[in-house]
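Working notes, structure below.
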Amino acid sequence: MGIQAKPLLTVDNLTIEIAGAKVVDGVSFTVSPGKVMALVGESGCGKSLTSYAMLGLLPPAARRVNGRILLEETDLASLSERQLRKARGKDISIIFQEPSASLDPLTTVGSQIAAAFRAHQNVSKSQALAKAREMLVDVGIPDPDRRLHQYPFELSGGMCQRIMIAIALICGPRVLVADEPTTALDVTIQAQILDVMKKLVAERGTSIVLITHDMGVVADIADEVAVMYAGRIAEIAPVHALFNAPAHPYTALLLASVPKLDVAPKADLATIEGSVPTPNEFGLGCRFVGRCPLASDKCRAEPPPLFEQGTGHFSACWHIDRMTEMREVAA
């Protein structure tokens, strides 16, 4: 048996409040070197807030009230803003959802990529532009000499997303946080972006925290998956274990709701009944209780801890012994 690699990134008991409500509540997970951890769940479950907290980029209304975010031995959550500015881009970077909203429309893409490099390296403008060109090649953009001098509005959505990846990676960070990196891209461009990310992992050993609600993307690229629901972790598992034998009712229903090609024509799509509770509707127990077919009085009264189901597989459910029944219901 090989020695398990020490985690590169550890999120430990992260809790974030907005207006006194715990919108992220005790979230914990680890990311190993050169691995992809996917955070999945419905919109509003706390995925993006968790990712922003990793880089100290929480919006003004949000407040971290507990938890550590360890990059090896350094607690990013304890750093000052000045120290965080040194870490962002160099040690940990982020790709935001909308490249068109993140790129400056009045500055060439070459200058924007070079500026990210010069923020952490003592180099000249010409050296930074040379590095920017190198990054364009690395992320698969053709004709890099011409693209360097173009503006974001002259490029396609897929190219702009590659520019964002180039900016995020130019200083060689060990961790890349990708917040819905394929949103609003067509399936062909989405596949190309995922290929770029796979290449980064394989050739650079970059660790990726992938924020998504697309289970197809998860199956394609992730090594491990953390399923979030209403601000809490419902299940954590290696990707194959999660898809083959989900151990939480929410995960089983989430997987069942993914459209499939082998269903009868015009058949109704599978859905999860009900809706995600708002923060002022959170009860004392499991937050999925209002939508769960297995819910009991114990579920309503007490939040379940994460129970181990196998190597690296944990589920926050009081009724794991009934998951075979649950998977049949979901199917």
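The values are calculated or read from the model by the stated rules, or taken from the named source; none is laboratory data. Just so it is clear, the structure is predicted and the values come from calculations on it, not from any experiment. Backbone-built Cβ (ideal geometry, glycine too); neighbour counts: all protein chains shown.
What to note about this one:
- Scan of the stretch 295-317 for residues that are more than 26 Å from the chain's Cα centre (by Cα) and either over 25 Å from Asn244 (Cα atoms) or buried (at least 20 other Cβ atoms within 10 Å of the Cβ) (or both), ordered by number: Ser296, Asp297, Lys298, Cys299, Arg300, Ala301, Glu302
- Residues in the stretch 200-248 that are basic (Lys, Arg) and either without any contact (Cβ under 8 Å) to a residue 60 or more places away in the chain or in contact with a helix residue (DSSP H, G or I) (Cβ under 6 Å, 6 or more places away or on another chain) (or both): Arg204 only.
- Scanning the stretch 156-173 for residues that are part of a helix (DSSP H, G or I) and of a type in the set (Val, Ile, Thr), we see that the one that is modelled with the lowest pLDDT is Ile165.
- Under the condition of being within 26 Å of Val65 (Cβ to Cβ) and in contact (Cβ under 8 Å) with a residue 40 or more places away in the chain, the residues counted in the stretch 17-38 number 15.
- For the stretch 249-293, a tally of residues being assigned to a loop (DSSP other than H, G, I, E, B), within 23 Å of Gly26 (Cα to Cα) and either free of Cβ contacts under 8 Å to residues at least 24 places away in the same chain or in contact with a helix residue (DSSP H, G or I) (Cβ under 8 Å, 6 or more places away or on another chain) (or both) returns 9.
- Being part of a loop (DSSP other than H, G, I, E, B), in contact (Cβ under 8 Å) with a residue 12 or more places away in the chain and over 22 Å from Met228 (Cα atoms) holds for only one residue in Ile141, Ile113, and it is Ile141.
- Taken together, the residues in the stretch 53-63 that are in contact with an Asp or Glu (Cβ under 8 Å, 6 or more places away or on another chain) and on the phi < 0 side of the Ramachandran plot amount to 2.
- Test result for Thr324, under 18 Å from Ile233 (Cα atoms) and outside any loop (DSSP other than H, G, I, E, B): no
- One residue stands out in the stretch 152-167 among those that are touching a residue at least 40 places away in the same chain (Cβ under 8 Å), touching a Leu at 6+ places or on another chain (Cβ under 8 Å) and under 11 Å from Ser100 (Cα atoms): the one that is surrounded by the most Cβ atoms within 10 Å (Cβ to Cβ), namely Gln161.
- Inside the stretch 92-116, residues that are out of contact with any Gly (no Cβ under 9 Å at 6 or more places or on another chain), within 30 Å of Thr10 (Cβ to Cβ) and of a type outside the set (A, V, I, L, M) make up a count of 5.
- Note on the stretch 244-269: residues that are of a type outside the set (S, T, N, Q) and buried (at least 16 other Cβ atoms within 10 Å of the Cβ) amount to 11.
- Residue match in the stretch 210-221 (condition: acidic (Asp, Glu) and part of a loop (DSSP other than H, G, I, E, B)): yes
- Residue in the stretch 174-195 that is surrounded by the fewest Cβ atoms within 10 Å (Cβ to Cβ), counting only those that are on the phi < 0 side of the Ramachandran plot, under 16 Å from the mean Cα position of the chain (by Cα) and touching a residue at least 40 places away in the same chain (Cβ under 8 Å): Thr183
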